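Chemist: Here it is, the structure in full.
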Amino acid sequence: MVALATSDNLYFSSAKEQHGRYRHMPVYVYCEVLEDGSDGETFEVTQSMNDEALKTHPETGRKVRRVYFAPNLAMRYSAQAQKSSLSNERLSSLGFTKYEKDKLTNTYHKVAGKDPRAPESFHKPVAGA
């Protein structure tokens, strides 16, 4: 199965129903190779990892090459996961205190934490001043 997405058709299904469950298939990026060797249209194809790499454009028949790039994986240590795990509410619930610096006054203000011994704000002198 091959699903094609070009600049005219950006939305496409990347899942195939099989035995009542969805099986996600990878999206590959291909680029047309023009006669002078330069790059032409870039397009995405959803295909099984078992399928051979395309040699020609499915619609135009022109020669293509696969474009390799780093995948965008949403994992446990992604930027979004770190952002939510370091939220002020979460840090407070875990017993941490967090301060943020006011750049104009060089004062640190408490934004997370419930410890009454921790000051609400403090001023840190600039080194060398």
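Chemist: How much length is gained on full extension from Glu35 to Thr60, taking 0.36 nm per residue of separation minus their Cα-Cα distance?
Modeler: 7.6 nm
Chemist: Suppose R0 equals 41 Å; then what is the FRET efficiency for Tyr68 and Arg117 from their Cβ-Cβ distance, rounded to the nearest 0.05?
Modeler: On the way: r = 54 Å, r/R0 = 1.32.
The computed FRET efficiency comes out at 0.15.
Chemist: Moving on. Starting from one equal scatterer on each C-alpha and no solvent at all, send me the Debye-based log10 I(q)/I(0) for the stretch 79-123 at q = 0.15, 0.18 Å⁻¹, two decimals.
Modeler: Reported log10 I(q)/I(0), two decimals: -0.42, -0.57.
Laboratory data are not the source of any read-out in this text; all were calculated from the coordinates shown. Just so we're clear, the structure is a prediction, and the values are computed from it rather than from any experiment. Glycine also receives a Cβ, built like all others from the backbone with ideal geometry; neighbour counts cover every protein chain displayed.
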